[in-house]
1. Does D278 satisfy being in contact with a strand residue (DSSP E or B) (Cβ under 8 Å, 6 or more places away or on another chain), closer than 30 Å to V201 by Cβ and not small (G, A, S)?
2. When only residues in the stretch 507-540 that are β-branched (V, I, T) and outside any loop (DSSP other than H, G, I, E, B) count, which is nearest to L307 (Cα to Cα)?
3. Give the number of residues within the stretch 545-571 that are more than 25 Å from T142 (Cα to Cα) and part of a strand (DSSP E or B).
4. Return only the number of the condition from (1) in contact with a Pro (Cβ under 8 Å, 6 or more places away or on another chain); (2) under 18 Å from E439 (Cβ atoms); (3) of a type outside the set (D, E); (4) surrounded by fewer than 17 Cβ atoms within 10 Å (Cβ to Cβ) that S148 does not satisfy.
5. Within the stretch 429-458, which residues are in a helix (DSSP H, G or I) and out of contact with any Lys or Arg (no Cβ under 8 Å at 6 or more places or on another chain)?
6. Could you list, in sequence order, all residues of the stretch 110-164 that are under 23 Å from the mean Cα position of the chain (by Cα), among the aliphatic types (A, V, I, L, M) and part of a strand (DSSP E or B)?
7. If you go through the stretch 574-588 one residue at a time, how many are over 20 Å from K608 (Cβ atoms), in contact with a strand residue (DSSP E or B) (Cβ under 6 Å, 6 or more places away or on another chain) and not in a strand (DSSP E or B)?
8. Among the residues of the stretch 592-616 satisfying the criterion of being polar (S, T, N, Q), in contact (Cβ under 8 Å) with a residue 24 or more places away in the chain and in a strand (DSSP E or B), which is surrounded by the most Cβ atoms within 10 Å (Cβ to Cβ)?
Amino acid sequence: MSAEDIVVSSPNGNVRVAVSSRAGQPTYTIEYKNQTIIEPSPLGLITNEGTYTADAVFRNYNIENVSDSYTLNRCKVSEVYYEANRLTVTYEYSGERNMDVIFHVGNNDIAFLYRIHPIAERVCCVVTDEATTFDLPAGTTTFLSPQSPAMWGWKRSKPSYEEEYVADQPIGVPSKYGCGYTFPALFHIGDCWALISETGVTGEYCASRLSEGTIDGRYTIAYPMPGENNGFGSTGAQISLPEFTPWRTITVGDNLQPIVETTIPFDVVEELYAPSIDYKFGRATWHWMIWDDKSCNVDDIKKFIDLASEMGYEYTLIDGLWDKQIGYDKIEGLIQYTREKGVETFLWYNSNGAWNDAPQGPRNCMSNPITRKKEMSWLRDMGVKGIKVDFWGGDKQETIRLYEQILSDANDYGIMCIFHGCTLPRGWERMYPNYVGSEAVLASENLKFNQHFNDCEAFNACLHPFIRNAVGSMEFGGTILNRCLNRTNDGGSIRRTGDAFQLATAILFQNPIQMFGLTPNNLHDAPIEAMDFMRDVPTTWDETRFIDGYPGRYVVIARRHASHWYVAAINATNSPIKKEISLPFAEGERIIVYSDKKNSIFVANETKVNKGRKITITIPTNGGCVITDNN
């Protein structure tokens, strides 16, 4: 039997994947509506038991339809129906070694992985490298974020997926640090788009990234760098056999709608354990964002607890250094105070003490299983509902295991987990029921640190819905209504964006627990209408629709929570953008339009949806607009 060209298409026929093993090297190609997305690209793995690349002998293949219906309670969509055609190709290699390559081909999404079979009496091995390649056509442009060097940056706390994107760059341009690129990675291929990422990463494997690209458009899967985790741990994956690798995913389309609306990170994974309680999501205040480390004291945190109570928010976050600047005894009284105010608490932790020099504590609580369980028992007894775990060391299997161990243990105690200074979530919203978001992006704290990031805020915000936030929850910590990013709103970095722009980010940036950058002074120095909007804004969504936009330039997205719709638009170009957009609201429905005008003047107007269900909006540079029927 020959495997010259095994072809599997999507249910609607638009996507075509061809798998070949000419000359013993398995390869694949991808086409979308007859346009090449991935040119012939090698497949395979390298292990300590031998290579699964060249000299492959094709054995058999099978094509079948797969479908699934499932519910998500903390994402950009709540009800999902997934359908794909599944291709399984089996290859044999010398030494009684067999490997399957499995493709799921949906109407806009392709996912594939490998399964290594036992080798005679061998039922374990180490995967040391991967031959998986993405060969993109000439003329492709890229939207990529570089991977940072290991043990680099502030207090040796990177890589943390917090580097700046470069937009519309030709393929093959070296990355900023020479370490390749983080997932997800967006490519513009002629009239088409492709978003490449991975999902289904557990403690059974390492996470990966893209290598440096070649001038002719070849990128490969790259495993963690040796220096991650302070040089501790393998760069590969120690696995038992049979075993599956994580999924590599490619979302394709001739417009950006499939990219923004994709659910492929969740479609091909499953829940790994049941929730121990009914976890509740919502909004939170965050004292550190504007008020810094010195605000970690009882009096200042009470002000943010009071703010959360006044806003009707569900949570407040007590950030790093609480163990030193407040202490365990006093923190118990502070947690009790939050509950008296009708608010619940998240507490901050350093992920470890072995691979960063950050002074913020508590340290060494989450990385030790005995200490971790004692700490979580105390957290449960105090009524703490969640933890924010910061300063992770990289993507090695050693670290991915720690993420999973913390999540699993926390679920036993009814505790939710947010990760900060961390890796990209890879399907975790469906896999771990108490997972509620990751930073893994150049987030709001950088606005405080450097004026440059304020000057580029609109550009970056116009990237995230198409790239980072398209594949997973993004704990950004946005919606800042201080004009100046200091405690007294009169110094430090200066915000360049309008107030409606900031309201729009509460819709555009999706995370089930949103740590907003509001401060107590906003109750009297921010527009009343803006604060009223922030009292009611949801954090989970039942439906998401892409309306218009281009990465790094502008974006218009609609999201529905229960029966209410929100349309959010922002502009990063140098000129005002005038757009007629179709609304999902019913004719005659009363809506409120929050918008930025010239000179950052904030306006809130009430109107009705017309017969055509369309509205024309003008978005100034660094401005935004929000339209909602929740009034």
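1. Here the answer is no, as D278 does not meet what is asked.
2. So the residue we want is I528.
3. 9
4. (4)
5. R430, M431, E445, N446, K448, F449, Q451, H452, F453
6. Listed by number, the residues that qualify are I110, A111, L113, L144.
7. Residues meeting the conditions: 1.
8. Restricting to residues being polar (S, T, N, Q), in contact (Cβ under 8 Å) with a residue 24 or more places away in the chain and in a strand (DSSP E or B), the top hit is S595.
The values are calculated or read from the model by the stated rules, or taken from the named source; none is laboratory data. Quick caveat, the model's predicted, so the values are computed rather than measured. Glycine gets a Cβ as well: all are built from the backbone with ideal geometry, and neighbour counts include every protein chain shown.
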